[in-house]
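Beneath this line is the structure, given in structure tokens, with notes to follow.
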Amino acid sequence: MKGFPLLLLPAALALSGCATWRERGVAVHPPRKLRIAVVPVARDFKLSKLSSIETVPEGLDLREIPKEKQKEMAERAMAAALTWIRQRLEERFSRTYAFEVIADSDVLAALRQEGLSPESDLWNLRPSTIKGLAQGLKADVILKSRLAGYGAVKAIWLAGVMAADYAENGVTGFAVAAASGNVWAGIGTGALETLADTVKWIGSLWFLNRYFVPVILTGDLVGADGRSLASNSEHEISFELFVHDKAFDKYPKDQRNLKQIRLKVVADKAIEDMRDYFERQAFKNEEAAKSGL
């Protein structure tokens, strides 16, 4: 498995964000760690059938099950997956040198005090709500996360990449028109490049969804003041690259091809990547502060 960069953010932006952590009262002082509250994972897509996230058991004929019932089955399976992802996030972050994870029961209790539940839109929490949560939990930082793809990538996630290509095609068309003195030649060149790129990206999306198991998990580390410290948005897509990856070894052979198992393995890699990313950001912040950046 590997991470696939969806958006490449300028390195200068990332570094400037890191350098402001200490100024906002967020700093790692080993052995003291940052107290982190992991809120329940939000979801940014809809499910209509169980087969989207689970291999349908043998003997179960979905044609005999009403669509509404199938949707209920899918929602129950998805709720269980979201709970599992949150638990894995807490477990992974608890193993770091930078973070001390606040007990899940305390986080859920604090959410209830704010009139929220795991089903609330926790990705778009208002800064005032985050401040209240942080104060009640004595948290240094709060981790929000959003699952935007689980087994499939929505076409909209290619919009940023495609827009960049289209802009480049426009520049190419302008250059051709300027060099040749023929406006139509420039328009034709730009149009052909755009058509080729559209086919390329739509084909890539189909191939990824058909033959791989993509998981899109975005994390946003927020300070007690309600403002974002860092986001892993440029490192958010993981997918299964090798069916016989060693990560599958802990599962019985007869389960390794089940979609729910494959998704768990890929999601676990996405969780690990997120953990590593935010720990690196925490220590980069400390190094930047020490060097006076």
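Restricted to region 126-139, and to residues that are out of contact with any Asp or Glu (no Cβ under 9 Å at 6 or more places or on another chain) and not basic (K, R), which residue is nearest to A267 (Cα to Cα)? Steps first, answer last, please.
The initial filter retains those residues of region 126-139 that are out of contact with any Asp or Glu (no Cβ under 9 Å at 6 or more places or on another chain), namely 126, 128, 135, 138-139.
Then keep just the ones that are not basic (K, R); that gives 128, 135, 139.
Values: S128: 31, Q135: 31, A139: 26 Å.
Filtering region 126-139 for residues that are out of contact with any Asp or Glu (no Cβ under 9 Å at 6 or more places or on another chain) and not basic (K, R), the one nearest to A267 (Cα to Cα) comes out as A139.
Working only within region 107-133, note down all residues that are under 25 Å from A80 (Cβ atoms) and among the hydroxyl-bearing types (S, T, Y).
Selection gives S117, S120.
Here are some residues: K69, K46. Which one is in a helix (DSSP H, G or I) and of a type in the set (D, E, K, R)?
None of the others qualify; the one that does is K69.
Collect the residues in region 239-263 that are at pLDDT 80 or above, among the aliphatic types (A, V, I, L, M) and assigned to a loop (DSSP other than H, G, I, E, B), keeping them in residue-number order.
L258 - this is the single residue of region 239-263 that is at pLDDT 80 or above, among the aliphatic types (A, V, I, L, M) and assigned to a loop (DSSP other than H, G, I, E, B).
Taking region 108-154 as the region of interest, how many residues are under 15 Å from the mean Cα position of the chain (by Cα) and assigned to a loop (DSSP other than H, G, I, E, B)? Before you say what the answer is, go through the steps one by one.
Initially, region 108-154 is screened for residues under 15 Å from the mean Cα position of the chain (by Cα), giving 122-124, 143-154.
Now restrict to residues that are assigned to a loop (DSSP other than H, G, I, E, B): 151-154.
The number of residues fulfilling the criteria is 4.
Going by the structure shown, is E236 closer than 25 Å to L143 by Cβ and modelled with pLDDT under 80?
Yes, satisfied.
Kindly indicate whether G25 is loosely packed, with under 12 Cβ neighbours inside 10 Å and either in the same structural domain as A80 (by TED's automatic domain parsing) or modelled with pLDDT under 70 (or both).
When the stated conditions are applied, G25 passes them.
The values are calculated or read from the model by the stated rules, or taken from the named source; none is laboratory data. As the structure is a computational prediction, the values presented were derived from the model and not from experiment. A quick note on method: Cβ atoms are made from the backbone with ideal geometry, for glycine too, and the neighbour counts reach across all protein chains shown.
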